[in-house]
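**Q** First the structure, which I've put down as structure tokens, then a few questions once you've had a look.
Readers should treat all values here as calculations from the given coordinates under stated rules, not as data from a laboratory. Everything quoted here is computed from the prediction, not taken from an experiment.
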Amino acid sequence: SKGTATMALTSNKEGDVKVQVLVKATVPASNTSNTTGLVTKYYTGTATFNVAKQIGTGNAVVMTIGSATMVVNDTTVAIDAPAMIKDNRTFVPVRALMEAFGATVDFDATTNVVTIKADGKTITLTLGSSVLTVGDQDVTMDVAAFATNEGRTMVPVRAIAEAAGYTVEATYNADGSTASVVFTK
């Protein structure tokens, strides 16, 4: 009814993969002689996706910019805040990422402090601050963590990956913009 749809693609081929999509839709009829008021129409389009090589052999999380899903070890999982680009930096929802790797995430709304316990490490960050604490060591991020209008904490990709000990690699669209980020442990 809104003219939008979501689909997930997987490929056994690296490089450019051309995909044709065919959508069958029941829409209001443009003429009044139709007794049901509805007609079936077909829409089609072709898009080319660049599929990156498989990254990592252990636990892996893939977050695609703007997507309401992430891939965790070959399983698609819904998330309530998509990865995003803001001021030329890539941000990801910290709870979704960390919980996908088995970490715990707590948020203290009175102090705006996020506490993450991952693989024996304690990581804390404060919304609006560019300082991230790993154990007892302060690390300065190049940009601050922030909350979305929906209250989801977004953190800069590289800083949170390095703090948690994960490897991060970006994939890119044809225009050079970031398409997705792949975290491995």
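**Q** With an 8 Å Cα cut-off and a minimum separation of 6 or more residues, compute the relative contact order for the chain in percent.
**A** Relative contact order for the chain comes out at 16 percent.
**Q** Which of the following values of log10 I(q)/I(0) by the Debye sum over Cα atoms at q = 0.12, 0.14, 0.16, 0.20 Å⁻¹ was calculated from the structure shown: [x] -0.66, -0.82, -1.00, -1.40; [y] -0.85, -1.02, -1.14, -1.33; [z] -0.59, -0.79, -1.00, -1.40?
**A** Label of the calculated value: [x].
**Q** Among the aspartates and glutamates, select those whose C-alpha is under 20 Å from the C-alpha of Lys18, and discard any that sit fewer than 8 residues away in the same chain.
**A** Straight-distance partners of Lys18: Asp175.
**Q** On to the next question. Determine the relative contact order of segment 99-144: mean sequence separation of Cα pairs under 8 Å and six or more apart, normalised by residue count, in whole percent. Each step should come with its number before you reach the end.
**A** Numbers: 72 pairs, mean separation 10.5, N = 46.
Contact order relative to length: 23 percent.
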